[in-house]
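What follows is one structure encoded as C-alpha cells, with my remarks underneath.
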Amino acid sequence: MFWLDLVGTFVFALSGGLCGVQKRLDPFGVVVLAFAAAISGGLLRDVLIGAVPPAALATWYYLAVSAVAAGACYFAHGTIQRLATLIAVSDAIGLGLFAVVGARKALNAGLSPVMAAVLGMLTAIGGGIARDILINRTPMIFRGEIYALAALAGACIVTFGAAADIPDAITAPMGAFLAISLRLVAMRQGWSLPRARPR
Amino acid sequence: MFWLDLVGTFVFALSGGLCGVQKRLDPFGVVVLAFAAAISGGLLRDVLIGAVPPAALATWYYLAVSAVAAGACYFAHGTIQRLATLIAVSDAIGLGLFAVVGARKALNAGLSPVMAAVLGMLTAIGGGIARDILINRTPMIFRGEIYALAALAGACIVTFGAAADIPDAITAPMGAFLAISLRLVAMRQGWSLPRARPR
Amino acid sequence: MFWLDLVGTFVFALSGGLCGVQKRLDPFGVVVLAFAAAISGGLLRDVLIGAVPPAALATWYYLAVSAVAAGACYFAHGTIQRLATLIAVSDAIGLGLFAVVGARKALNAGLSPVMAAVLGMLTAIGGGIARDILINRTPMIFRGEIYALAALAGACIVTFGAAADIPDAITAPMGAFLAISLRLVAMRQGWSLPRARPR
C-alpha cells in the first residue's frame, strides 16, 4: 500500500506539474501545484479520519517525490508535445491508485464498506479538484466524462472485497486496474453518461 | 436536531443537484455536487471541532438522502421551469437549518456563544460555498444580498438562548425560522446592505 | 508568538477587507472575506496538526481583530487611492508573520524542520489562497512573482534555527523580516523566476 501511495503521489504530481507548465508558472509555482495535486486528496482523507499529522506532512517522502516530478515537468516540457494527453493519463493512473489506497485507509479507520469506498473516491478526486480550483479551471469531475465513477468502482472492489475476506493483495491491484482502465477507455472512446438537459 | 440535520441535508442536496442540472452535468456529477453541497458545511464544522470521522461519513444516511435528492433533480428537471428560484429557496431553508444544528454542535464542543454562532454560520454557508466554487461561480455570500448574516442571526438565537438556559426545543425552531424568513424576505424584497464604492 | 499571530491576523484581514472593498461587497461580505483571509491559513495548520478547535475559533480575539480591520477598510476606502498596492503590502507582512508563527507551531507539534517549514509556508499562503478563491481570482502564488518562496525562506530560518538551538527570540524576527523584505523587494523590482514556456 505504501508503494502504491508513493507511485500515486508521483503521477498526480506529474499531472499537477504539467498543468503548471501549461499555465506557464515559474518553477516554484510548478512545485507547489504538483505538491497540491499530489497530497490534497490524502490530506483530506487523513483529516476526515483523524489521522493527523497526515502522512504527507509527517514524512518528507511525499514532498521529495512531488519535487522530482515537478522538476521533470519543468525541464522536460520542451520535449513533450502533447501536454494535455499526458496530464490526463497521469491523472487517470493517480486516480486508480489513490482510490484503492484511500479505501483501505478508510476501512482501517473503521468506516463501513460503502462509506469507505466514498472516502476512497474523495481521496482519488481530491487532488485533481484542488489542482483545478487553484488554477481557476472547472474540475475534471464536472466535465461530463466518467471520472469519479471510475474511482468509486475501484474503491468498491477493495472495500467489498475486504467485507468478503478477500485479501488486499488481490483486490488492490484489481481495483486500481479497474479504475484506471475504466477511466482511460472512457476518455479514449468518449464514453459519458447522458447529461441533464434543462429547458 | 438529528432530523433538522437530515432535512437540511436534503434541501442543500436539492440546491446542489439543481445547480448540477443547470450546468448540464451527467447523473454522477449531479450526485457528487448534491453530496458536496449537502455535507461540506458539516464536514468543515466536524473537522474544526475534532469530531472525526464526521457524521456525514460515519453513517450512510447523508449519502442516501443526497442521492435521493440528486435523483429527483435529475429526473424531475423537465417539469421544473424555474431552476434558479428553486435553488435559491432550497438553499435558504438549508441555510437556516444548518445554522441552528451547527451552532448546537459547536456549543456541545465547548465553544463560547459568540464563536459557536460563528461556527454555526460557517456550517450553514460552507455547503453553498463548496457548491459554487466547484462549478466555478462566485459564492452566493458575496453577491451582495443578505445571506451569511441571516445564518448568523439564526445561530445567535440558539447560542445566546442556551447561555440564558432557554431549551433548544424553543430556540432551534425560532432560530431556523428567523434565518430562513430573513433570507427569503431579503431575496424577495431585494434587501441588501450598502456596498462599498471605492473610487 | 501570540502577538506576531495577532498582528499577522490584522494585516491579512486588511488585505481581505480591501479586496472586498475592491469587489464592492457589502459590509458583512467585507467582514467575512477579511476573516477568511485572516484565519484560513491558521485553520488549515491547526487542523493538520490536530490542534482543534483551532485558536481562531477557541477565542474571540481573531474575530474581533478581523472585524476591526474590515471596518477600517469599509469606512476608510474613500481616502485610500491605491487599493491594489495596499492589499499587496499588507499581504506581504501577513505572509512573513504567519510563516514564522506557523513554522513554530508545526515544530511544537513534532514535525521535522523541513516539513515544519513547509507547513509554515502553507499557513502563510493559505489565507491569501482562500481569499482569492472566494472572489474567483487566480491565487497570487500562481501569478509568477516570488511569493510562497519568500514564506518558505522565512519559515526555514525558524525551523533550522531551532534545530541549531538558536532561540526563537532571534530567529522569529529574522525569519519574518527576511520573508517580508524578500516579497516586497521582489514585488518592487519585478523579480521573478523564469517561467515555463511550453511549445
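The values are calculated or read from the model by the stated rules, or taken from the named source; none is laboratory data. These figures come from a predicted structure and were not determined experimentally. Glycine also receives a Cβ, built like all others from the backbone with ideal geometry; neighbour counts cover every protein chain displayed. Areas reflect the complete protein model, heavy atoms only, side chains present, ligands, DNA and RNA absent. Shrake-Rupley method; radii C 1.70, N 1.55, O 1.52, S 1.80 Å.
So how strong a dipole does region C:2-189 carry about its Cα centre when Lys and Arg Cβ are +1 and Asp and Glu Cβ are -1, to the nearest 20 debye?
For this selection, approximately 420 debye.
Just to make sure I understand: if all protein chains stay in place, what is the order of B:Met115, B:Met187 by accessible area at 1.4 Å, largest first?
B:Met187, B:Met115
Would you mind computing the Rg to Rh ratio of region B:2-189 from its alpha-carbon coordinates, Kirkwood style for Rh?
Working: Rg = 15.5 Å, Rh = 16.0 Å.
A ratio of 0.97.
Taking the dipole about the Cα centre of chain A, with the C-beta of Lys and Arg at +1 and of Asp and Glu at -1, give me whichever of A:His77, A:Leu6, A:Gly154 is farthest to the positive side.
Farthest along the dipole direction, towards plus: A:His77.
Which distances, in nm and shortest first, link the B:Asp165 label point to the same label point in every other copy, taking 7 Å along Cα→Cβ?
5.8, 5.8
Working out 0.36 nm times the residue gap between B:Phe2 and B:Arg143, then minus their Cα-Cα distance, what length gain in nm do you get to one decimal?
Numbers: separation 141, 0.36 × 141 = 50.76 nm, distance 3.09 nm.
Length gained, B:Phe2 through B:Arg143: 47.7 nm.
Taking 8 Å as the Cα distance limit and 6 or more residues as the minimum spacing, I'd like the relative contact order of region A:14-90 as a percentage.
Relative contact order for region A:14-90 comes out at 46 percent.
Are there trypsin sites (Lys or Arg not before Pro) in region B:79-138 that DSSP puts in a loop and that have at most 16 other Cβ atoms within 10 Å, and which ones? List each step's numbers first, then the result.
Values: sites: B:Arg82, B:Arg104, B:Lys105, B:Arg131, B:Arg137; in loops: B:Arg82, B:Arg137.
Counting only loop positions with at most 16 other Cβ atoms within 10 Å, the trypsin sites (Lys or Arg not before Pro) in region B:79-138 are B:Arg82, B:Arg137.
Average partner chain C-beta neighbours within 10 Å, per residue of C:165-172?
Average per residue, whole number: 0.
Between region B:135-199 and region C:65-103, what's the alpha-carbon centroid distance in Å?
With region B:135-199 and region C:65-103 each reduced to a Cα centre, they are spaced 27 Å.
Can you list the distances in nanometres, one decimal and ascending, from the A:Phe177 label point to the identical position in each other copy, with the point 7 Å along Cα to Cβ?
Label-point distances to the other copies, shortest first: 6.2, 6.2 nm.
When chain A is treated as a GNM, springs tying every alpha-carbon pair under 10 Å, which of A:Thr59, A:Thr79, A:Thr171 comes out with the largest mean-square fluctuation?
Of A:Thr59, A:Thr79, A:Thr171, the Gaussian network model singles out A:Thr79 as fluctuating most.
Ordered by residue, what ³J(HN,Hα) values in Hz, to whole numbers, does region C:48-65 give under the Karplus form 6.51 cos²θ - 1.76 cosθ + 1.60, where θ = phi - 60° and Gly and Pro are x?
5, 9, x, 8, 10, x, x, 3, 5, 10, 6, 10, 9, 4, 5, 5, 5, 4
At a 1.4 Å probe radius, carbon and sulfur cover how many percent of the accessible area of region C:1-40?
Its accessible area is 74 percent carbon and sulfur atoms.
For peptide A:131-140, what's the mean number of Cβ atoms from other chains within 10 Å of each residue's Cβ? List each step's numbers first, then the result.
Working: counts 0, 2, 6, 7, 3, 8, 1, 4, 6, 0.
Per-residue shielding by partner chains comes out at 4.
Could you identify which residue out of B:Leu83, B:Leu33, B:Leu43 has the top mean-square fluctuation in a GNM of chain B using Cα springs shorter than 10 Å?
Of B:Leu83, B:Leu33, B:Leu43, the Gaussian network model singles out B:Leu83 as fluctuating most.
Spelling out what I want: for every residue of region A:168-184, take phi, set θ = phi - 60°, compute 6.51 cos²θ - 1.76 cosθ + 1.60 (Karplus), and round to whole Hz; glycine and proline get x.
Values, residue by residue: 4, 4, 8, 6, 5, x, 4, x, 5, 4, 4, 5, 5, 6, 4, 5, 5 Hz.
Considering only the label points, 7 Å along Cα→Cβ from Cα, what distances in nm to one decimal separate B:Arg143 from the same position in each other copy, shortest first?
2.6, 2.6
With the contact rule set at Cα under 8 Å and sequence spacing of 6 or more, what percent relative contact order holds for chain B?
23
What's the total accessible area buried between chains C and B, using a 1.4 Å probe, rounded to the nearest 100 Å²?
2600
State, to one decimal in nm, how far the label point of B:Arg82 lies from the label point of B:Ala169, with both points 7 Å from Cα in the Cβ direction.
That separation, rounded to one decimal, is 3.8 nm.
Given a 1.4 Å probe, how much area per residue of chain B is accessible, in Å²? Mind showing how you got there, number by number?
Details: 7390 Å² over 199 residues.
Here the per-residue accessible area is 37 Å².
Picking from C:Gly16, C:Gly154, C:Gly110, which is most flexible by a Gaussian network model of chain C using Cα springs under 10 Å?
Fluctuation is largest for C:Gly110.
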